[in-house]
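Inspection log for the structure reproduced underneath, given as structure tokens.
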Amino acid sequence: MSTEPQASPEKEPLKETSNGISRRTFVKGAGLAVASFYFFPRHVLGGPGFVAPSDKLNIAGIGVGGRGASVLRNMATQNIVALCDVDFGFAAKTFAEYPNAKTFKDYRVMLDKMGRDIDAVMIATPDHSHAIIALEALRRKKHLYVEKPLTYTVEEARLLTAAAKKARMITQMGNQGHSNPEGMQAVEMIRNGDIGQVSTVHAWTNRPIWPQGMPRTTQTFGMPPTLDWDLFIGPAPLRPYNPAYHPFKWRGWADYGVGALGDMGAHLLDHPNWALELGAPVSVQASCTPWGGTKEEPMVSYPLASQVTFEFAAKGNRGPVQLIWSDGGIAPARPEEMTDEEPLGDRGGGVLYLGDKGKLVHNTYGAKPRLIPVSRMQGYAPPTPTIPRIETTHEMDWVNCCKDGKRQPSSSFDYSGPLTETMLLGVIATRFPGKKLLWDAAAMKFTNLPEANQYLGRQYRVGFGLS
């Protein structure tokens, strides 16, 4: 593994001043505390709306060639001081957007060289490396934004949630629909009893929109000169470079991603989990098309389509709930109250709630909640809001929380960690199609199928572990 610094000669790490105080904006714990001589009245530095440099968060982005580029753009009013990506060619466009940021391939080198100048870290690497990077950032007392899914395994989700709480840093998972005011209204409609007691929820997606269900190719390929393949592999088993893995298509391979459920479950299971306070399931069962693989190397690529049923015990004033997840183009039966012209969800999927007094559907990310039949929406008055609305983007909500330290943002690890666990239990169930796996959340184990417990964690390649 390369340990050489990746900063370009013209982009040397920021230096300390002669009095030992770095130019970075110090964030102490969860709040902002800067040496007093860094503060000037806004009218001295600029006109109305001007954001003083001392009011900006110093952010490092890790994994910025793909999804991370979009996330960073929603934080671009801040100081983007460092960028890290294992493929400088893939990330070149993002690098050009932030010419003052130092560039690295190895996140460890970046944190070693620039740790004093970084307040917060955004992680949008492939799923398999989320946890190892996030835990290292927490050890260094950095606030964290991690794209969904939060982690690759259940054990990592449990560990990262606990570590964030202990470190008292500000955290957020990138399930943007959790900050959507329409999604909040959907939650309020369910909690208001607009469709009565909910017994069944369907969530579905058009994913995968990348290749899945195939064996690993044995063909050899030349590696792009801009790519550090060892760093891309990270904690996963070392395999030869293959363009079927990078970029983007890694989601379909079990070494690097967690498939369609891991990709979209954080969005589509979010609002049912939130509205019904589901907690951990008591069982999970899957049916699916075959995994991709061979007799010698089975289950290397996720199924083309799957359906996973989660069962949740009665809780508080609600009864038991069955949540049915579908991917690969499978959607629930259209409710008889809907006309053929009415959309069931959107092009990407949706969520359908079945209650004893009616039905409700919303699009992906919680958008456009509506009662079924749609005639019920005529003259409908939404319930009085009980969830505080977020006046900015999901990403900037995290930024603002990091700076003021008064609260955690909408999808902190306290919430998104357990949600991620539920999603990943469904992924495990696809390895045992047709079998109902009974889950003991407190003991973190399946009680009736011990062989499934091996998939709660994983082995880490030497040099890329969690410690």
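If the condition is being open to solvent by less than 50 Å² (accessible area, probe 1.4 Å) and either charged (D, E, K, R) or not in a strand (DSSP E or B) (or both), then region 292-312 contributes G293, V300, Y302, P303, A305. Consider T226 carefully, then state whether it is polar (S, T, N, Q) and at pLDDT 95 or above. Considered against the rule, which asks whether it is polar (S, T, N, Q) and at pLDDT 95 or above, T226 comes out as yes. Scanning region 240-291 for residues that are hydrophobic (A, V, I, L, M, F, W, C), surrounded by fewer than 24 Cβ atoms within 10 Å (Cβ to Cβ) and more than 25 Å from G345 (Cβ to Cβ) turns up A244, W250, A254, A280, V282, W291. Screening region 63-85 for residues that are out of contact with any Gly (no Cβ under 8 Å at 6 or more places or on another chain), hydrophobic (A, V, I, L, M, F, W, C) and buried (at least 17 other Cβ atoms within 10 Å of the Cβ) and picking the one that is nearest to L231 (Cα to Cα) gives V64. Contact list please: Cβ distance under 7 Å, first residue in region 69-91 and on the phi < 0 side of the Ramachandran plot and assigned to a strand (DSSP E or B), second residue open to solvent by less than 10 Å² (accessible area, probe 1.4 Å) and charged (D, E, K, R), pairs at least six apart or on different chains. Cβ pairs passing all conditions: V81/D117. Of the helices (runs of 4 or more DSSP H) lying entirely inside region 96-204, those carrying at least 3 residues that are of a type in the set (K, R) and open to solvent by 10 Å² or more (accessible area, probe 1.4 Å) are 154-167.
For region 252-262, a tally of residues being in a helix (DSSP H, G or I) and of a type in the set (D, E, K, R) returns 0.
Results for (1) among the small types (G, A, S); (2) assigned to a helix (DSSP H, G or I); (3) touching a helix residue (DSSP H, G or I) at 6+ places or on another chain (Cβ under 6 Å), shown as yes or no for each residue.
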{"site": "P235", "(1), (2), (3)": "no, no, yes"}
{"site": "P240", "(1), (2), (3)": "no, no, no"}
{"site": "W250", "(1), (2), (3)": "no, yes, no"}
{"site": "M264", "(1), (2), (3)": "no, yes, no"}
{"site": "P272", "(1), (2), (3)": "no, yes, no"}
{"site": "L278", "(1), (2), (3)": "no, no, no"}
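In the set (1) open to solvent by 10 Å² or more (accessible area, probe 1.4 Å); (2) within 24 Å of R67 (Cβ to Cβ); (3) not in a loop (DSSP other than H, G, I, E, B), W210 fails one condition alone, (3).
The values are calculated or read from the model by the stated rules, or taken from the named source; none is laboratory data. Note that the structure is a prediction, hence the values are computed from the model and not measured. Cβ sites come from the backbone with ideal geometry, for glycine too, and all protein chains shown count toward neighbours. The area values use the complete protein model at the heavy-atom level, side chains included, leaving out ligands, DNA and RNA. Shrake-Rupley method; radii C 1.70, N 1.55, O 1.52, S 1.80 Å.
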